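The values are calculated or read from the model by the stated rules, or taken from the named source; none is laboratory data. Computed from a predicted model, the values in this text were never measured in an experiment. Here Cβ is always computed from backbone atoms with ideal geometry, including for glycine, and neighbour counts include all displayed protein chains.
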Protein chains: 2
Amino acid sequence: MATKDVIVLADLLGTNKKIASDIRTELERRGILAVNLLSSPGAGKTSLLEQIAVRLRDTAKMAVIEGDIETERDAERIRARGVPAWQITTGGACHLEAKMIARVLPQVPPESEFLFIENVGNLVCPASYELGERLRFVLLSTPEGDDKPKKYPKAFTTSDVLVLTKVDLLPYLPFDLEKVKAEALELNPRLQIFVTSAVTGQGLDELIAFLWRARRDLTARHA
Amino acid sequence: MATKDVIVLADLLGTNKKIASDIRTELERRGILAVNLLSSPGAGKTSLLEQIAVRLRDTAKMAVIEGDIETERDAERIRARGVPAWQITTGGACHLEAKMIARVLPQVPPESEFLFIENVGNLVCPASYELGERLRFVLLSTPEGDDKPKKYPKAFTTSDVLVLTKVDLLPYLPFDLEKVKAEALELNPRLQIFVTSAVTGQGLDELIAFLWRARRDLTARHA
């Protein structure tokens, strides 16, 4: 990259960080736990959110912001579970940016306890853009292969939680669960790891319990 | 995006297009059929190339350029099949650019008949950068889901060939093969579609036959 391009990129990232910081402050003041979900296309972000919606809807207020290049499909899937959802279509851009979240935020019900932001399906670019989240989740599905953390390190080094998805397919795949956990923890020792399947429900109760603990920590800090 | 950023991006794309055009001219003059492979991480690009290597190595000279953010793993897998391979690690960049290919090109044996370029695993950014290829392949693996063409249209509208991979997993997945074919063809009616599995070998002979026909067309045109 030429120096000029590097400066433009640094400008963009700096501006994004500032907006993200304002969003984070506002959300934490309101007691809303915001989670930014990153993964490759088709790793199961929307399916995971559908399962979280089913498990939270009677006990909590949640909202979802969906990011996609095109189509309203993911927001429609979430709304079908009775959860308010807003679709951001980036029209080509490979990631969400904080200013896109800032535009939707006034519509998020102030009494929400959880706000999930599903990023564009991309294991590279979204890792460079904070959106004001308190927690970043990276999802890795078993069919993608157990070599992904070292090949796409930034998504793993910048995340708080690794959700391994589609583990119901393990009998049919060459995927070494222990190897991928070890490699991910080598990159980022503070990663919390959940082993899940949206089909069988494996690991989802543990994930829900984790989310409630994280929200309690957030509100205790801002009480 | 601010106007300044749009201009910088247009500059980058224009420069890339010029370099790609020079590469294309040079490769076609030499009779080398170049294929640029795009897909999400873990859709099976390297596995497909391993299977092509096994099927071509006794009858053709092929070479592979591997693009990744980090690690030499993919080039090592290809070399293990007896095929010359060069690894480009982008160190964070989400796609290959033509200038990266231009740097490696002098090392590609001039008598090669096929050059495969495996792009960074990303269904978004690589679609905007020509690398001097004659054919662009987009791979979509069945676990990613049948909604991907409309959600990530550019990879499908700019490709010549759609390779559906991992169809051996179809019995375990909610994936509608006919729906995805129809949606992909709606976006790009000239797409050639191959239904494949690197595990069972399904569809690979047809793909090899297609590659030979494409190379024959190339050399006939430049004879």
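What the table shows:
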{"read-out": "Filter result (in contact with a strand residue (DSSP E or B) (Cβ under 6 Å, 6 or more places away or on another chain) and either surrounded by 24 or more Cβ atoms within 10 Å (Cβ to Cβ) or acidic (Asp, Glu) (or both)) within segment B:71-84", "value": "B:GLU72, B:ASP74, B:ILE78"}
{"read-out": "Segment B:36-90: number of residues that are of a type in the set (Gly, Ala, Ser) and within 14 Å of another protein chain (Cβ to nearest Cβ)", "value": "8"}
{"read-out": "Sole exception among (1) at pLDDT below 95; (2) in contact with a Ser or Thr (Cβ under 6 Å, 6 or more places away or on another chain) for B:ALA63, by number", "value": "(1)"}
{"read-out": "Any hit, segment A:143-150, residues being surrounded by 20 or more Cβ atoms within 10 Å (Cβ to Cβ), at negative phi, more than 9 Å from chain B (Cβ to nearest Cβ) and under 14 Å from the mean Cα position of the chain (by Cα)", "value": "no"}
{"read-out": "Subset of segment A:147-176 (residues that are touching a Leu at 6+ places or on another chain (Cβ under 6 Å) and of a type in the set (Gly, Ala, Ser))", "value": "A:ALA155"}
{"read-out": "Residue satisfying condition, being surrounded by fewer than 21 Cβ atoms within 10 Å (Cβ to Cβ) and under 17 Å from A:ALA198 (Cα atoms), within set A:LEU56, A:LEU139, A:LEU135, A:LEU49", "value": "A:LEU56"}
{"read-out": "Close pairs (9 angstrom Cβ cut-off, 6 or more residues apart or separate chains): farther than 25 Å from B:ALA98 by Cα and modelled with pLDDT of 90 or more in segment A:1-19, assigned to a helix (DSSP H, G or I) and β-branched (Val, Ile, Thr) anywhere", "value": "A:ILE19/A:ILE101"}
{"read-out": "Residue check, B:THR165 among the hydroxyl-bearing types (Ser, Thr, Tyr), within 16 Å of the chain's Cα centre (by Cα) and surrounded by fewer than 24 Cβ atoms within 10 Å (Cβ to Cβ)", "value": "no"}
{"read-out": "Cβ-Cβ under 7 Å pairs, at least 6 apart or on other chains, segment A:200-223 side within 17 Å of A:PHE116 (Cα to Cα), far side hydroxyl-bearing (Ser, Thr, Tyr)", "value": "A:LEU204/A:THR196; A:LEU207/A:THR196"}
{"read-out": "Residue tally, condition closer than 15 Å to B:LEU139 by Cβ and within 16 Å of the chain's Cα centre (by Cα), over segment B:199-214", "value": "4"}
{"read-out": "Options B:LEU140, B:LEU173, B:LEU164: the member that is within 14 Å of chain A (Cβ to nearest Cβ) and out of contact with any strand residue (DSSP E or B) (no Cβ under 8 Å at 6 or more places or on another chain)", "value": "B:LEU173"}
